[in-house]
Amino acid sequence: MTMTNSSASHILLTGATGLLGRSLLRDLAAAGRRVAVIVRGSKTATAADRVDELLDDWREVAGAEVACPVVLEGDLSLPGLGLPPEQRAWISRNVGEVIHSAASLSFQLREADGEPYTSNVTGTRHVLALCRETGIRRLHHVSSAYVCGLREGRILETELDVGQTPGNDYERSKIVSEGEATAADCFDVCTVHRPSIIVGDLVHGFTNTFHGFYKPLRIVQPFVEAFVGAELPPGSLLDVLGMTGRECKNLVPVDWVSAAMTRIILDESLHGRTYHLTSGAPTSVGTLCRVFEGLVVQMAADLRRQREARAAAGKPRPTAGFDPATLGRLFVDQMHVYKAYWRDDPTFDATHTARALPDLPAPALDEESLRRLCRFAIDANFRWPPAGRPARGATARAALEAALGPADWAPPRGDAVVGLSATGAGGGQWTLAVSGGRPATLHVGLPTPAVPTVWLAAATLERMLAGSVSLPEVQARGGVMIEGGDEASRGRALDLLAALPRGPAALVHA
């Protein structure tokens, strides 16, 4: 039976740990939207741990504190997304809109797990089924400009399946998933966002995925010793790709894609269309190859200096595992599947996007920007998070649940409640139920905007619960903000925050 959303206060985001998803989480939270995310746990980390990790990334890379979303641990490959009934019931009460951003970027079918079809087709079907079950009526589906397949010429936003030949399994899976999303009869409105090739953050160069655009450097990097003492002929990458260099690729930085999507998502008058989130100034393959070749030479020079430093220190010199000829053969073999990726892009019509966002055109990527993007990947050794990052210890979330018990997905009984939002890693969004003038139970999600909600950093809440800082001290530093309610109810909200168990009392159930 289809349920009806009685209080659609949150927007539900899939793919939050991906490159685009984490930017959407940041931008939506900054715009004041309440966000819930469905994240899959791993063998070594829970869904909440993985969200904490991406929030740490925003603080460390960009100096940004991002509001911690409501975290649901699920798996798009499973019916019902693997969510227990109480969490699906929470969605039915609190979510009226979904951004489906999760996707596999695999170009070729993997027999082991069925990707990209498992995520892109089966996962989309499971998201659509969840929307039907929980009464969600608005969908933002993240597709790809490359649903055009191997078509040439001008590609319209209004076109999808016109009998085109897909270039790979990724494109084939995205054609199917977009078609099923737009054909679903359970939505009042479905909006489709079709970005082209998403690269890292234009300001910081940050990326946590190293597919597509980064692939040539990623393939070369393990074999770069072969270039030490050898010349890399100009244009050699073009020779491997069999291109002239005049071909163009449509690259868009993730921060622009997220900013554009956020503007569209927040303005309901823009919903119900398909948007090409593409660049009007594509980047030539020749420019890309010049940047790549220059960086490979730099990588080889860095390695040469490292060898010289080891030699000067009397340390043995490692033996090069590959010669230039071997490297060339390996590069050709591994780039074979990506040749279709590097073909000349068609022209993506972006009439809908230009009308919706006339003041927000996609930025052109010059060689300096491309080098910054690539250097981040090289410095990160094409891996994120970086190796050796220490595991997070205690969190405000764990201390709060130790004091009040695990957060309940059911709504609190009665009207004596206050909201609490702890921003950043280790935080969360909760409603505190009140009994006898003291916090009694903890519930997932924030109350209605009319109820006072206390906002503070997760690290500050953690210190308060540990007894190392008092509420007056935090207030004196401007570390607490209250939204909603009148003056009297805001005062009571602060009293409740002060009444939370401190020190050793926070380590046992109150």
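Does segment 91-131 hold any residues that are touching a Gly at 6+ places or on another chain (Cβ under 8 Å), free of Cβ contacts under 8 Å to residues at least 60 places away in the same chain, among the aliphatic types (A, V, I, L, M) and surrounded by 17 or more Cβ atoms within 10 Å (Cβ to Cβ), and which are they? Answer for segment 91-131, where residues must be touching a Gly at 6+ places or on another chain (Cβ under 8 Å), free of Cβ contacts under 8 Å to residues at least 60 places away in the same chain, among the aliphatic types (A, V, I, L, M) and surrounded by 17 or more Cβ atoms within 10 Å (Cβ to Cβ): just Leu130. Look at (1) of a type outside the set (Lys, Arg); (2) crowded, with 16+ Cβ neighbours inside 10 Å; (3) touching a strand residue (DSSP E or B) at 6+ places or on another chain (Cβ under 8 Å) and you find that Pro449 fails only one, number (2). Meeting the requirement of 1 or more residues that are touching a Pro at 6+ places or on another chain (Cβ under 7 Å) and farther than 30 Å from Val199 by Cα, the helices (runs of 4 or more DSSP H) wholly within segment 371-489 are 396-404.
As a summary of the residue check, Asp345 satisfies the conditions (1) assigned to a loop (DSSP other than H, G, I, E, B); (2) surrounded by fewer than 17 Cβ atoms within 10 Å (Cβ to Cβ); (3) more than 22 Å from the chain's Cα centre (by Cα) except for the one numbered (2). Summed over segment 259-277, residues that are within 19 Å of Val35 (Cβ to Cβ) and in a loop (DSSP other than H, G, I, E, B) total 2. Do we have Arg93 as modelled with pLDDT of 95 or more, touching a Ser or Thr at 6+ places or on another chain (Cβ under 8 Å) and not aliphatic (A, V, I, L, M) here? Yes: the conditions hold for Arg93.
Taking every residue in segment 5-32 that is within 16 Å of Asp201 (Cβ to Cβ) and at pLDDT 95 or above and pairing it with any residue that is among the acidic types (Asp, Glu) and part of a loop (DSSP other than H, G, I, E, B), at least 6 positions away or on another chain, the pairs with Cβ-Cβ distances below 9 Å are Leu19/Asp201; Ser23/Asp201. On inspection, Thr134 passes the criterion of being out of contact with any His (no Cβ under 6 Å at 6 or more places or on another chain), crowded, with 23+ Cβ neighbours inside 10 Å and polar (S, T, N, Q).
When we screen Ser421, Ser470 for residues that are among the hydroxyl-bearing types (Ser, Thr, Tyr), surrounded by 17 or more Cβ atoms within 10 Å (Cβ to Cβ) and outside the structural domain of Asp57 (by TED's automatic domain parsing), the only hit is Ser421.
Within segment 391-421, being small (Gly, Ala, Ser) and touching a Gly at 6+ places or on another chain (Cβ under 6 Å) holds for one residue alone: Ala396. In segment 50-89, the qualifying residues are those that are among the aliphatic types (A, V, I, L, M) and out of contact with any Ser or Thr (no Cβ under 9 Å at 6 or more places or on another chain), and the one that is farthest from Ala30 (Cα to Cα) is Leu78. The listed residues are Leu232, Leu288, and the only one of them that is more than 16 Å from Leu360 (Cβ to Cβ), at pLDDT below 95, touching a Pro at 6+ places or on another chain (Cβ under 9 Å) and buried (at least 22 other Cβ atoms within 10 Å of the Cβ) turns out to be Leu288. Restricting segment 381-406 to residues that are farther than 21 Å from Leu72 by Cβ, hydrophobic (A, V, I, L, M, F, W, C) and in contact (Cβ under 8 Å) with a residue 24 or more places away in the chain leaves a set whose member that is surrounded by the most Cβ atoms within 10 Å (Cβ to Cβ) is Ala399. Restricted to segment 270-285, and to residues there that are closer than 20 Å to Ala181 by Cα and hydroxyl-bearing (Ser, Thr, Tyr), the residue that is surrounded by the fewest Cβ atoms within 10 Å (Cβ to Cβ) is Thr274. Among the residues making up segment 121-151, those that are touching a strand residue (DSSP E or B) at 6+ places or on another chain (Cβ under 9 Å), in a loop (DSSP other than H, G, I, E, B) and more than 17 Å from Phe107 (Cα to Cα) are Gly135, Ile136, Arg137. Only one entry in Glu171, Glu97, Glu157, Glu180 is out of contact with any Lys or Arg (no Cβ under 9 Å at 6 or more places or on another chain) and among the acidic types (Asp, Glu), namely Glu171. Sub-7 Å Cβ pairs linking a first residue in segment 300-322 that is part of a helix (DSSP H, G or I) to a second residue that is modelled with pLDDT under 75 and exposed (fewer than 13 other Cβ atoms within 10 Å of the Cβ), at least 6 apart or interchain, are Arg307/Arg317; Arg310/Arg317; Ala311/Arg317, ordered by first then second residue.
So is Leu400 over 30 Å from Cys248 (Cβ atoms), more than 24 Å from the chain's Cα centre (by Cα) and aliphatic (A, V, I, L, M) or not? The answer is yes for Leu400.
Would you point out which residue out of Trp430, Trp409 is touching a helix residue (DSSP H, G or I) at 6+ places or on another chain (Cβ under 8 Å) and free of Cβ contacts under 8 Å to residues at least 40 places away in the same chain? The match here is Trp430.
The values are calculated or read from the model by the stated rules, or taken from the named source; none is laboratory data. If you're wondering where the values come from, they're calculated on a predicted model, not measured in any experiment. Quick reminder, even Gly has a Cβ in these numbers, built from the backbone with ideal geometry, and neighbours come from all protein chains shown.
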